[in-house]
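Below is one structure, written out as structure tokens; the observations come after it.
The values are calculated or read from the model by the stated rules, or taken from the named source; none is laboratory data. Given the structure is predicted, the values throughout are model-derived calculations rather than measurements. Cβ atoms come from the backbone with ideal geometry, glycine included; neighbour counts cover every protein chain shown. Side chains are part of the model used for accessible areas, which takes the heavy atoms of the whole protein and leaves out ligands, DNA and RNA. Shrake-Rupley method; radii C 1.70, N 1.55, O 1.52, S 1.80 Å.
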Amino acid sequence: MQQYIIGNWKMNGTKAESQKLAAGFLKRIQEATRPLPHIVLCPSYPYLTSVFEILKGSPIEVGAQDGHPEKSGSFTGDVSISQLVDVGCKYVIVGHSERRNFHQESSALIRKKIESAIKAGLRPILCIGETEKDRETGKTLEVIGHQVTSDLPSSFMPHDLIIAYEPLWAIGTGKLPKQEEVEEVLGFIKHELSTHIAGGALVPMLYGGSVNAANAPSFLNLPHVDGLLVGGVSLKLDEFWEIVNASTR
Ligand code: 13P
């Protein structure tokens with residue numbers, strides 16, 4: 001399976017900076033001499049259109065960082081999944097820990113978003129992960145198992161979505177799980193998914209949390225890792241491109 005390198009720009013950048021970054025990645029891809037992984041950039045809502053206009057027709061896809069499950073209606077401040085499709089998005093991040101923590105998103109809401117995205121032809125990237133306390137108390141697999149069963153709809157096709165394992169304690173902290181810990185969790189998710197749907201083990205699995213150019217190869221070489229979800233470093237053109245070039249398939 002071709003790997004995925006996905007940049008989550010979070011709430012960063014201006015319009016000019018977002019356009020510059022997108023144009024920079026476009027230039028790199030045009031000059032690339034090796035097979036590339038899937039590349040997805042997820043800018044802030046206001047810049048989705050201008051980033052999409054720059055990348056349209058190129059292999060780099062655009063994703064959003066969240067989406068409302070209803071098609072339209074009185075939901076002040078929200079952006080619907082169908083509006084995201086309308087402006088060229090192909091992916092949407094769902095259930096990021098920053099949404100769960102700062103916006104109290106429940107598993108029921110996350111499941112609705114996933115269902116709505118799949119129906120609209122937008123591929124959700126479901127983020128799951130344990131807290132530091134969960135890990136210290138040996139609850140990692142229990143928490144992950146619970147997220148998988150409560151966040152996911154009862155039926156979907158393996159290529160409908162992507163799962164990103166992002167341990168909360170590794171996001172933006174510089175702390176990293178050991179390679180064997182990542183493999184254990186991803187292997188466990190694959191097992192859970194294969195009991196959930198036919199071909200569940202084929203759902204692409206990403207790692208995310210403090211990824212940089214120096215540590216990316218250690219994750220991209222792991223058998224269960226189908227790609228990376230990169231936060232802070234995805235705003236740095238050269239370093240993110242080094243991560244793209246570290247992809248192994
Ligand atoms: P960092 O790469 O900045 O740790 O963020 C990870 C993340 O939250 C990606 O969704």
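Taking the accessible area of the stretch 132-249, probe 1.4 Å, and keeping the other protein chains in place, the carbon and sulfur fraction comes to 54%. The Stokes-Einstein estimate for the stretch 155-214, based on a Kirkwood radius over Cα pairs and taken at 4 °C with 1.567 mPa s viscosity, is a diffusion coefficient of 105 µm²/s. If you plug the beta carbon distance of N221 and H159 into 1/(1 + (r/R0)^6) with R0 = 22 Å, you get a FRET efficiency near 0.40. A crude spin-label estimate for the pair D238 and E181, with each label 7 Å from Cα along the Cβ direction, gives 3.1 nm.
Given R0 = 35 Å, the distance between the Cβ atoms of K139 and A198 translates into a calculated FRET efficiency of 0.75.
Dipole of the chain computed with +1 at Lys/Arg Cβ and -1 at Asp/Glu Cβ about the Cα centre; of G138, I5, I54, farthest Cα towards the positive end is I54.
Rounded to the nearest 20, the Cβ-based charge dipole of the stretch 67-143 about its Cα centre (Lys and Arg +1, Asp and Glu -1) stands at 260 debye. For the residues L186, L229, L26, a GNM of the chain with alpha-carbon springs under 10 Å puts the largest fluctuation on L26.
Which of the GluC sites (Glu not before Pro) across the stretch 1-105 are loop residues per DSSP, with 16 or fewer other Cβ within 10 Å? Counting only loop positions with at most 16 other Cβ atoms within 10 Å, the GluC sites (Glu not before Pro) in the stretch 1-105 are E70.
Among the trypsin sites (Lys or Arg not before Pro) found in the stretch 113-180, those both in a DSSP coil and sparsely packed, with 12 or fewer other Cβ atoms within 10 Å of their Cβ, are K175, K178.
Here the chain is treated as a Stokes sphere of Kirkwood radius computed over C-alpha pairs; at 10 °C and 1.306 mPa s its diffusion coefficient rounds to 88 µm²/s. If you bin all the Cα-Cα distances of the stretch 49-94 at 10 Å, starting from zero, the percentages per bin are 28, 50, 20, 2. When the charge dipole of the chain is built from unit charges on Cβ atoms (+1 for Lys and Arg, -1 for Asp and Glu) and taken about the Cα centre, the candidate among F75, T195, Q30 whose Cα reaches farthest toward its positive end is Q30. Subtracting the Cα-Cα distance of A23 and A214 from their residue separation scaled by 0.36 nm leaves 66.3 nm.
The residues of the chain expose, per residue, 45 Å² of accessible area to a 1.4 Å probe.
For the stretch 38-53, putting each phi into the Karplus relation 6.51 cos²θ - 1.76 cosθ + 1.60 with θ = phi - 60° gives couplings of 5, 10, 10, 10, 10, x, 5, 3, x, 9, 4, 5, 5, 5, 4, 4 Hz, in residue order, rounded to whole numbers and with x for Gly and Pro.
Size descriptors for the stretch 1-77 (Cα atoms only): Rg and Dmax, in that order, 14.0, 48 Å. Using the Cβ-Cβ distance between S58 and M11 with R0 set to 30 Å, the FRET efficiency works out to roughly 0.75. Of the chymotrypsin sites (Phe, Trp or Tyr not before Pro) found in the stretch 58-115, the ones in coil according to DSSP and having at most 14 other Cβ atoms within 10 Å of their Cβ are F75. Extension gain for R249 to Q104 (0.36 nm times residue separation, less C-alpha to C-alpha distance): 48.6 nm.
Dipole size of the chain about its Cα centre, with +1 on Lys/Arg Cβ and -1 on Asp/Glu Cβ: approximately 540 debye, rounded to the nearest 20.
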